[in-house]
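The values are calculated or read from the model by the stated rules, or taken from the named source; none is laboratory data. Bear in mind the structure is a predicted one, so any value in this text is a computation, not a measurement. Backbone-built Cβ (ideal geometry, glycine too); neighbour counts: all protein chains shown.
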Amino acid sequence: MGVVTYSQDFTSTVAPSRMFKALVLDSHNVIPKIVPGGIKNIEFIEGNGGVGSIKQTNFGESSHIKYTKHKIDALNVDNFYCKYTLIESDIKFDKIDCVVYEVKFVAAGGGCVCKMTSEYHVKEGCELKEDDIKQGKDRAVGLYKAVEEYLVANPDVCA
């Protein structure tokens, strides 16, 4: 098994504390409101949001995917850092065993930079190409932008 790592940065005009709260700590409440057609709900299967908790995201009817489950591996609220692992989905992974994500929000110029690293743990004998993960990367960018727009338009949310 090999590991393929991709890193990307997103710049935002929103403070790191608000982005972290919206995308990590309170994502189960905030994200379904922002993209109700894409995500029906996010619920805790185990735990209440701390390390070891498992969140299930249930997607809308038009999505090609029905659900995903993520386990929170590390959480540092003071440093706006979270590490979590995609552990299950209704889509069969033919090339990967799991995906480990690390997200950190760093203050920058009145807003923040979201630094995200994704580790794709590739199954033995398989090769993962950029095109294989492009759709997921594009969705991540879209979600970050939608959350940013929502927080800018609603300054009291996640304040």
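Remarks
- Residues located in segment 4-43, provided they are among the aromatic types (Phe, Trp, Tyr) and in contact with a helix residue (DSSP H, G or I) (Cβ under 7 Å, 6 or more places away or on another chain): Tyr6, Phe10
- Cross-chain or 6+ apart pairs with Cβ under 8 Å, segment 140-159 first and more than 26 Å from Val99 (Cβ to Cβ), then small (Gly, Ala, Ser) and modelled with pLDDT of 95 or more: Val157/Ala22
- Of all residues in segment 18-37, none are part of a strand (DSSP E or B), surrounded by fewer than 18 Cβ atoms within 10 Å (Cβ to Cβ), at negative phi and not hydroxyl-bearing (Ser, Thr, Tyr).
- Residues satisfying the stated conditions in segment 47-69, i.e. within 25 Å of Arg18 (Cα to Cα) and either without any contact (Cβ under 8 Å) to a residue 24 or more places away in the chain or among the hydroxyl-bearing types (Ser, Thr, Tyr) (or both): Asn48, Gly52, Ser53, Gln56, Thr57, Asn58, Phe59, Thr68
- Pairs meeting the criteria (first residue in segment 7-26 and within 11 Å of Ala107 (Cα to Cα), second residue among the charged types (D, E, K, R) and buried (at least 17 other Cβ atoms within 10 Å of the Cβ), beta carbons under 6 Å, at least 6 apart or on different chains) are Ser12/Glu148; Val14/Glu148.
- The listed residue being out of contact with any Leu (no Cβ under 7 Å at 6 or more places or on another chain), surrounded by 16 or more Cβ atoms within 10 Å (Cβ to Cβ) and either in a loop (DSSP other than H, G, I, E, B) or modelled with pLDDT under 90 (or both), out of Leu86, Leu128, Leu75: Leu128
- Members of segment 109-119 that are surrounded by fewer than 14 Cβ atoms within 10 Å (Cβ to Cβ) and touching a strand residue (DSSP E or B) at 6+ places or on another chain (Cβ under 9 Å): Gly109
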